[in-house]
Amino acid sequence: MCGIVTAIATNNVVPVLLEGLRKLEYRGYDSAGVAVLANGLTRLRSTGRVAELAALADARQLSANIGIAHTRWATHGVPCERNAHPHISGGLAVVHNGIIENFEAIKSSLQARGYVFESDTDTEAIAHLVHSKLATTPDLFEAVRLALNELVGAYAIGVVAEADPFRAIVARRGSPLLLGVGEEGMYAASDTAALLQVTRKVIYLEDGDVAELRLNAYRIVRPDGTPAEREMHISSLSADAVELGQFRHYMQKEIFEQPQALGNTLEIIAGGGSVSPQLFGSRAPEVLDGVRRVLVLACGTSYHAGLVARYWLESVAKVPCSVEIASEYRYRESVPESDTLVVVISQSGETADTLAALKHAHGLGMGRTLAICNVPESAIVRETALRFITRAGPEIGVASTKAFTTQLAALALLTLTLAKLNGRLSEAEEARHLGALRHLPVAVQKVLELEPEIEKWAQRFAAKHHALFLGRGRHWPIAMEGALKLKEISYIHAEAYAAGELKHGPLALVDKDMPVIAVAPADELLEKLKSNLQEVRARGGELYVFADAGSEIAESEGLHILHMPEHYGMLSPVLHVIPLQLLSYHAALVKGTDVDKPRNLAKSVTVE
Ligand code: F6R
């Protein structure tokens, strides 16, 4: 989704703005732009990459002490220079991340007052609205605040004005934005990674905050103008964590970081640690007491993590669990139950639908809430009673990989905790499960060693247009995750089915051009799955089977098998997703797609 950088400093801010945009590229974008104040307002926009914008800035020898910059992920209006941000009204310029839902009404009323719109965006309405406020409220800060009070929807914005060149105004509601306090000046950006180049001192703005940035001061107010104090944090994010290093793509780096990410996430149970409610926050004993069911709300890959957890929660903890796509739940009439633990899962913690689903659950009176999230200061984490922060480190590749496996680790801990609270976990069972969790990083490392063989398989996939993924039980969501990974980065159409459903329809699709990928761990469902594989072979379908060590499935013409190093019981889904991540990564490499920034997708989906 769109990314924002704002800077006011004693030195030239153009390199800071552009480097900030580079760091936000991973969020997904289709155009980029910058506006600076230096003897008037100068705006440059490009429909290409940030590198092209930087070349334009170089050619113009752009230099200034104050400016705003933006990467745009189109929502209103096609990607083109005219729609790229910043948008200008008179001498002021605005960048915006989010969606203004009432922009049509604002636009009509502004048009009636003579404002001419040059773009199809909702953002331009913000620029003109602020400008219109300046007619009666000459103070830019006030004009922005009053304009924002008329907006319905989500925004993070940055504003600079020719007539007021010594301050920048920023604000947020629903979309992420944080301030950076540097040695040379003040900054704001959509995430910390964009500001590490100038500072580690960050201030997370709350929903509704409006802030003024001056060279060596800032102030924050609430929507009604009352001053607000916000804590300063020292970011511990390392600059290396967002660098590619020896890897070709962030996705590859993040796949290979999984042993480390899991080790960090599970550090709390290292050594003699055991499962306890406190893993989820100090209020957990009280919030988890009397929980009788679990409702998981999430989107995309995080939703798949929830689907795996359903199998664990029901079989190990004996707690009924339902898992819902957040965008469905938020608009559906549902029956709230006060003994339900609502678990929201999100890598970014900013996904608009997940956040809205959580608020919807709150609105229904469901106060027992837990966030499983990778970003400690994110909006979602700030809204829940309990939290578990996965320690995957920043995930830059649009396709989620290490966030998923660390979410599974967190959900396994939740399962064991609820099982223990419900008297369903003996000491011996707890010790066995904890042993398996502690060994997980090593087990994942061994799976990663299969990469060369998977690479060979990927060569054969790249020419295909469709693929079917099959799994059963707790590996069905893994098949779904494999299909999602393949389609999002290689653009090969892929669908996942619970293998038992094959003959109820999808078998009709199977022929020699339809590769079928089966997740086939050596569990209680293996024999059933083998029958499903026979159904595919009998129709001439080519099978690619990820089996466990010792599984007796014989390789034959049209049936390719790759053996995982070991069978991993309850946690087997964590291992079985790894080869599917690698398969989609290598298929995308062969196809030459933009692996880290697949077309049309964004990393942080901060709009509905
Ligand atoms: C797929 C992917 C998305 C996200 C989804 C939710 O690889 O990354 O499906 O999982 O947009 O994002 P978060 O987890 O940030 O809420």
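The values are calculated or read from the model by the stated rules, or taken from the named source; none is laboratory data. Predicted model only: the values in this text are computed from it and were never measured. Cβ placement follows ideal geometry from the backbone for every residue including glycine, while neighbour counts extend to all protein chains displayed. Accessible surface areas use protein heavy atoms only, side chains included; no ligands, DNA or RNA. Shrake-Rupley method; radii C 1.70, N 1.55, O 1.52, S 1.80 Å.
Per-structure values
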{"quantity": "Computed FRET value (nearest 0.05) for ASP224 with GLU162, which takes r as the C-beta separation and R₀ as 41 Å", "calculated": "0.90"}
{"quantity": "DSSP H segments from the chain that extend 20 Å or more along their own axis, Cα-based, with Kyte-Doolittle mean of -0.5 or above", "calculated": "402-421, 427-448, 476-490, 572-591"}
{"quantity": "Residues with amide H under 5 Å from that of VAL545, placed H, sequence gap 5 or more", "calculated": "ALA518, HIS560, ILE561, LEU562"}
{"quantity": "Part-to-part distance (alpha-carbon centres) for the stretch 196-271 and the stretch 316-368, which is given in Å", "calculated": "26 Å"}
{"quantity": "Heavy-atom surface of the stretch 24-100, accessible at 1.4 Å and reported per residue (Å²)", "calculated": "33 Å²"}
{"quantity": "Solvent accessible area, Å² - PHE280, 1.4 Å probe, full protein context", "calculated": "0 Å²"}
{"quantity": "Normalised alpha carbon radius of gyration of the stretch 269-376 [divisor 2.2 N^0.38 Å]", "calculated": "1.05"}
{"quantity": "Residue-level accessible surface for ARG292, protein heavy atoms, 1.4 Å, Å²", "calculated": "130 Å²"}
{"quantity": "Cβ-derived FRET efficiency at R0 56 Å, ALA105 paired with LYS446, nearest 0.05", "calculated": "0.45"}
{"quantity": "Solvent-accessible area, 1.4 Å probe, carbon plus sulfur percent, for the chain", "calculated": "49 percent"}
{"quantity": "Inter-site label distance for GLN197 and ASN149 at 7 Å from Cα along Cβ, in nm", "calculated": "3.7 nm"}
{"quantity": "Mean ellipticity per residue at 222 nm, deg cm²/dmol - from DSSP H runs of n ≥ 4 across the chain, formula -39500 (n - 2.57)", "calculated": "-10500 deg cm²/dmol"}
{"quantity": "Per residue solvent-accessible surface (Å²) - the stretch 364-418, probe of 1.4 Å", "calculated": "19 Å²"}
{"quantity": "By accessible area with a 1.4 Å probe, ligands and nucleic acids excluded, highest first: order of GLU229, GLU324", "calculated": "GLU229, GLU324"}
{"quantity": "Linear extension gain, ALA217 paired with HIS493, 0.36 nm per residue minus alpha-carbon span", "calculated": "94.2 nm"}
{"quantity": "Å³ per residue enclosed by the Cα convex hull of the stretch 180-320", "calculated": "201 Å³"}
{"quantity": "Where TYR497, TYR29 fall by accessible area, highest first, once all protein chains stay in place (1.4 Å)", "calculated": "TYR497, TYR29"}
{"quantity": "Distance between the stretch 565-596 and the stretch 26-62 - C-alpha centres, whole angstrom", "calculated": "37 Å"}
{"quantity": "Accessible area (Å², 1.4 Å probe, nearest 10) - THR390", "calculated": "10 Å²"}
{"quantity": "Cα principal axis extents for the stretch 386-522, largest first, Å", "calculated": "51, 36, 29"}
{"quantity": "Cα-projected label distance for GLU206 with HIS76, points at 7 Å along beta-carbon direction, nm", "calculated": "2.8 nm"}
{"quantity": "Bins of 10 Å from zero: percent of alpha-carbon pairs in the stretch 1-133", "calculated": "14, 45, 32, 9, 0"}
{"quantity": "Residues of the stretch 230-313: accessible area per residue with a 1.4 Å probe, Å²", "calculated": "44 Å²"}
{"quantity": "Percent of beta bridges antiparallel (DSSP, the chain, rounded to nearest 5)", "calculated": "60 percent"}
{"quantity": "Radius of gyration and maximum dimension Dmax of the chain, Cα, Å", "calculated": "25.4, 80"}
{"quantity": "Long pairs among LYS420/LYS530; LYS253/LYS530; LYS402/LYS603; LYS253/LYS318; LYS487/LYS512, criterion Cα-Cα beyond 25 Å", "calculated": "LYS420/LYS530; LYS253/LYS530; LYS253/LYS318"}
{"quantity": "Relative frequency of Cα-Cα separations exceeding 15 Å in the stretch 474-551, percent", "calculated": "56 percent"}
{"quantity": "Neighbour cut-off at most 16 other Cβ (10 Å), DSSP loop, trypsin sites (Lys or Arg not before Pro), the stretch 574-608", "calculated": "ARG599"}
{"quantity": "ARG60-ALA135 pseudo-label distance in nm [points 7 Å out on the Cα-to-Cβ vector]", "calculated": "2.9 nm"}
{"quantity": "Tensor-based shape of the stretch 524-602 (alpha-carbon gyration tensor, a/c under 1.5 rounded, otherwise prolate or oblate)", "calculated": "oblate"}
